[in-house]
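Presented below is the structure to which this report refers.
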Amino acid sequence: MIFKDIFVYPEPVDYDSTVVTSFKMQSWSICLYLIREIKTKKIISDNFNRICFIGKEKPFNEGFVNSCNVLSVDVPFDLNEYSTRPLDSLNELFIQMLSYGINICISKHKLPLDFLLKSLEEFRRNGYENKWTWRRKRIKGTALTCEIICEVTMDKFYAEFIVSDKTTIIYRRDILTDKPSWISNSYFLKNKFLIRDDKILLADNLGKITFEEKISKLKKLI
């Protein structure tokens, strides 16, 4: 089975829904960073495709795979520490909880410990930034390259359309600004990036156009 997803959040039964929701939004950036790294590695697991690290005041479950092939692992969570930490230091709390859980998993499951911990360290070293080129296309017959750059922070999911003439940016346009969310952000990231006739398009799984830009308009900017 291919290991694809990793999440960390407080136990929904033990904590108020506003705490759980806020935590999930704030930790989505680091989780998505790990998910993108994991998918480049094609990690084979024994019987799960997702890991959920569940924050509890008194952890007791060191690993349980449910019928949906999700491995759940308890990790320590101090509500007071979370609530009083400055926003710009929360990523260190997430790294702490993820590192703890990953080390527990290694004792029972075959996972690349060094790779996962190295990915966490790279996220820290890059200033907790999760920004990447999601899609890129070259416009035939021109020196133009169009890209969609995505970024996730603790309070925002952002997508921007950028057109470059060789190395010079000649056009940029906001596509989407949304809250960090596994559901809505993942839905956006399933869009197809297409060139049809004179248009650059984004289309969802149902074929609905969610973004378009005319190539003829871009050529006039050269």
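The values are calculated or read from the model by the stated rules, or taken from the named source; none is laboratory data. As the structure is a computational prediction, the values presented were derived from the model and not from experiment. Glycine gets a Cβ as well: all are built from the backbone with ideal geometry, and neighbour counts include every protein chain shown. Note: accessible area is taken over every heavy atom of the protein model, side chains too, but ligands, DNA and RNA are not part of it. Shrake-Rupley method; radii C 1.70, N 1.55, O 1.52, S 1.80 Å.
Looking across the range 91-116, just one residue is touching a residue at least 12 places away in the same chain (Cβ under 8 Å), open to solvent by 80 Å² or more (accessible area, probe 1.4 Å) and within 21 Å of the chain's Cα centre (by Cα), and that is 100.
Taken as a whole, the condition of being in contact with a helix residue (DSSP H, G or I) (Cβ under 8 Å, 6 or more places away or on another chain) and farther than 19 Å from residue 179 by Cα applies to residue 75.
Considering only residues of the range 39-58 that are at pLDDT 95 or above and of a type in the set (A, V, I, L, M), which is nearest to the chain's Cα centre (by Cα)? Only one residue fits best here, namely 51.
One residue alone among 142, 153 is among the β-branched types (Val, Ile, Thr), open to solvent by less than 50 Å² (accessible area, probe 1.4 Å), closer than 26 Å to residue 34 by Cβ and touching a helix residue (DSSP H, G or I) at 6+ places or on another chain (Cβ under 8 Å), and that residue is 153. Looking only at residues in the range 158-183 that are within 13 Å of the chain's Cα centre (by Cα) and in contact (Cβ under 8 Å) with a residue 40 or more places away in the chain, which one is most open to solvent (accessible area, probe 1.4 Å)? Per the criteria, the residue is 179. When residue 198 is tested against the conditions (1) in contact with a helix residue (DSSP H, G or I) (Cβ under 6 Å, 6 or more places away or on another chain); (2) at positive phi; (3) of a type in the set (D, E, K, R), the lone failure is (2). If you filter the range 126-156 down to residues that are among the small types (Gly, Ala, Ser) and on the phi > 0 side of the Ramachandran plot, you find that the one that is nearest to the chain's Cα centre (by Cα) is 127.
What tally of residues in the range 184-204 results from selecting those that are open to solvent by 60 Å² or more (accessible area, probe 1.4 Å) and closer than 23 Å to residue 151 by Cβ? Give the steps one after another, and end with the answer.
So the first thing to find is which residues in the range 184-204 are open to solvent by 60 Å² or more (accessible area, probe 1.4 Å), and the list is 187, 190, 192, 195-197, 199.
Within this subset, residues satisfying the condition of being closer than 23 Å to residue 151 by Cβ are 187, 190, 192.
Qualifying residue count for the region: 3.
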